Amino acid sequence: MSNYAKQLKVKPKYVRKYVITKMHLLDLDSDTVRFLIGHSIGDVHTQSYFNVHAKVDKEYRKYAEWLRQFLKDYIVKPLFYFDGRNGQD
């Protein structure tokens, strides 16, 4: 991530903020978002009795599909086609 951020001259914290916002806009549950970004889930019920991994596996598909398309459309092509050809051979 930091290599892309350096190439695009964007601070990693703004990439993280954008990704978290996008996860919420994709209707991922707040507990799922917290888990995916590495924050602890403060609710005792969720920590002790609820299978967070099962929920995350289900919810992550929404984000993974968006990320795949985003990388395909906006990140991978622009980083490799800086020679002015815009992806044309």
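What are the residues in the stretch 12-26 that are of a type in the set (A, V, I, L, M) and either assigned to a loop (DSSP other than H, G, I, E, B) or at pLDDT below 85 (or both), if any?
Taking the stretch 12-26 as the starting set, the residues that turn out to be of a type in the set (A, V, I, L, M) are 15, 19-20, 23, 25-26.
Residues satisfying the conditions are VAL15, LEU26.
Here are some residues: ASP89, ASP29. Which one is modelled with pLDDT under 75 and among the charged types (D, E, K, R)?
On the way: ASP29 fails: modelled with pLDDT under 75.
None of the others qualify; the one that does is ASP89.
Are there any pairs with C-beta distances below 6 angstrom linking a residue in the stretch 14-35 that is among the basic types (Lys, Arg) to a residue that is modelled with pLDDT under 90, with the two at least 6 apart or on different chains, and if so which?
Note: pairs meeting the criteria are ARG34/ILE41.
Within the stretch 17-34, track down each residue that is surrounded by 15 or more Cβ atoms within 10 Å (Cβ to Cβ) and more than 15 Å from ALA64 (Cα to Cα).
Of everything in the stretch 17-34, those that are surrounded by 15 or more Cβ atoms within 10 Å (Cβ to Cβ) and more than 15 Å from ALA64 (Cα to Cα) turn out to be ASP31, ARG34.
The values are calculated or read from the model by the stated rules, or taken from the named source; none is laboratory data. Since the model is a prediction, treat every value here as computed from it, not as a measurement. Positions of Cβ are backbone-derived with ideal geometry, glycine not excepted, and every protein chain shown enters the neighbour counts.
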